[in-house]
Amino acid sequence: MVGRLFPAMIAALILLLPTSALAGGEINFFFGQKDLDEEWEPLDSQQAIGFELTFGEQWPVAVAIDFLKSDDDGRYAFEYGMNDYNVKIEAETQEIDAGVRYLFRKDKKVVPYIGGGLAYIDGELTVEGISRSDSAVGFWLAGGVNFRIGKVFNLGVDLRSSSADVEVEGFEVDAGGLAYGVLLGFRWGGG
């Protein structure tokens, strides 16, 4: 799955870097948790990592490109007929979010923000090494606060929600969810 999303993410970054350097921007790395719908149980609470790229900070509304990956694994015990089974299962989601981010109080040390847009989300379920995945387009909404440390560094918190229905093994499930975590990053250019 990484093979499918990673090239698109890199291409977007390469195309946007010259513009972002001139318009000012920031990249914040996300470390946190993603809670999916109960259909993903027992793997519905996953560790999440990613980044938020914001450029055009000096514009009225900045452009946002975010990436989030979450995963979890475990064992699932069940009975079928006269037999007991205990299987290894893994679940993973990846999303690329594109849209806008509005930064309140851009010139202050505490910068609240909100954002939203389209999300391309991939969900994958692996049972005993056999994987099934699907991708869909949905939406994302996010908000948070960045605390500016000096002229370059950021420390913040982020809360985001995303949604896109994927079909895995004949079941339609939402591969989005509620993600929350901390941000660590830096700013550049734009004044």
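Derivation of every value follows stated rules applied to the coordinates shown; laboratory data play no part. Just so it is clear, the model here is predicted, and its values are computed rather than measured. Quick reminder, even Gly has a Cβ in these numbers, built from the backbone with ideal geometry, and neighbours come from all protein chains shown.
If the condition is being under 14 Å from the mean Cα position of the chain (by Cα) and surrounded by fewer than 18 Cβ atoms within 10 Å (Cβ to Cβ), then segment 164-191 contributes 178, 180, 182. When segment 56-102 is limited to residues that are in contact (Cβ under 8 Å) with a residue 24 or more places away in the chain and of a type in the set (Gly, Ala, Ser), the one that is nearest to residue 187 (Cα to Cα) turns out to be 56.
Tell me the residue from 147, 78, 104, 55 that is hydrophobic (A, V, I, L, M, F, W, C), over 22 Å from residue 177 (Cα atoms) and touching a helix residue (DSSP H, G or I) at 6+ places or on another chain (Cβ under 6 Å), please. Outline the logic, then answer.
Numbers: 147 fails: touching a helix residue (DSSP H, G or I) at 6+ places or on another chain (Cβ under 6 Å); 78 fails: touching a helix residue (DSSP H, G or I) at 6+ places or on another chain (Cβ under 6 Å); 104 fails: touching a helix residue (DSSP H, G or I) at 6+ places or on another chain (Cβ under 6 Å).
55 is the lone residue from the list that is hydrophobic (A, V, I, L, M, F, W, C), over 22 Å from residue 177 (Cα atoms) and touching a helix residue (DSSP H, G or I) at 6+ places or on another chain (Cβ under 6 Å).
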